[in-house]
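The structure under discussion appears below in the form of structure tokens.
The values are calculated or read from the model by the stated rules, or taken from the named source; none is laboratory data. Only a predicted model underlies this, so the values are computations on that prediction, with no experimental measurement involved. Every residue, glycine among them, receives a Cβ derived from its backbone with ideal geometry; neighbour counts consider all protein chains shown.
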Amino acid sequence: MTWFKPCAAPAVAAALAGCALLAPSPPPPPAPAFELLGRVAVSHDGRAFTSGVRWQHTAERDELWLLTPTGQALAHIVGDAGGATFTGSDRSEHKAADIGSLTHRALGWEMPVTQLAWWVQGEAAPGAVVQAVERDSQGRLAALEQDGWRVAYVYDSEGAREGRLRRLELSGESQVLRLVIDGWQRGGEPR
């Protein structure tokens, strides 16, 4: 029994340290608020989808409208801590835990809104492993690999929007999503 006491303290310490490793980490912070207007084109499983998009993002909620060229709503998507709801132009409704799984269920392709809220602002999403980063000559993100997505960035090179993010291309497992940004506001300021 003399060996028990010297071994007991390190064993208890190791067990407690193991429990600390299993404790959940706090969720990552939400991306800063913005409103975005643009266009989205998706290629998935041999099919294609295109529409206009209006996206309002706040810390508590994401609200997206997928629009026809004349501005009529094809779909209205709302997501918050309680889940996500998709309402089609025919008033059909779909619900899911988050917008990514909701768009996959309702449209057949995923829109990873939680990460995309960071990616459209030229940043990696916090709380997730970044597999690769490429920067351009000005230090801006040119490409990013995170959460199974490869994100390529294109910036405007002339005019009033020079240097601002113009387009993102997300390549996932079986889809490519292109988001063209026609205009947006962040923190109340036009960008």
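Which residue is surrounded by the most Cβ atoms within 10 Å (Cβ to Cβ), if the candidates are limited to region 126-145 and must be acidic (Asp, Glu) and assigned to a strand (DSSP E or B)?
Quick first cut of region 126-145, residues acidic (Asp, Glu) only: 134, 136, 145.
When the remaining residues are screened for being assigned to a strand (DSSP E or B), the result is 134, 145.
Details: Glu134: 11, Glu145: 16.
The qualifying residue surrounded by the most Cβ atoms within 10 Å (Cβ to Cβ) is Glu145.
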Query raised in the report: In this structure, does Asp90 turn out to be touching a Leu at 6+ places or on another chain (Cβ under 7 Å), acidic (Asp, Glu) and not in a helix (DSSP H, G or I)?
Result: no
Report summary line: Asp182 passes all but one of the listed conditions (1) within 18 Å of Ser51 (Cα to Cα); (2) surrounded by 14 or more Cβ atoms within 10 Å (Cβ to Cβ); (3) not small (Gly, Ala, Ser); the exception is number (2)
Query raised in the report: Looking at Glu123, is it within 29 Å of Pro26 (Cα to Cα) and part of a strand (DSSP E or B)?
Result: no
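Mind listing whichever residues of region 141-174 are of a type in the set (Lys, Arg), touching a strand residue (DSSP E or B) at 6+ places or on another chain (Cβ under 8 Å) and either over 15 Å from Val40 (Cβ atoms) or modelled with pLDDT under 95 (or both)? Give the steps one after another, and end with the answer.
To start, the set of residues in region 141-174 that are of a type in the set (Lys, Arg) comprises 150, 161, 164, 166-167.
Cutting the leftovers down to touching a strand residue (DSSP E or B) at 6+ places or on another chain (Cβ under 8 Å) gives us 150, 164, 166-167.
Result: Arg150, Arg164, Arg166.
Condition first: of a type outside the set (D, E, K, R) and on the phi < 0 side of the Ramachandran plot. Now tell me which residues in region 39-50 satisfy that.
Keep residues of region 39-50 that are of a type outside the set (D, E, K, R), which gives 40-44, 46, 48-50.
If the condition is that a residue be of a type outside the set (D, E, K, R) and on the phi < 0 side of the Ramachandran plot, then Val40, Ala41, Val42, Ser43, His44, Ala48, Phe49, Thr50 are the ones that fit.
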Report summary line: With criteria (1) in a loop (DSSP other than H, G, I, E, B); (2) surrounded by 15 or more Cβ atoms within 10 Å (Cβ to Cβ), Ser157 comes up short on (2)
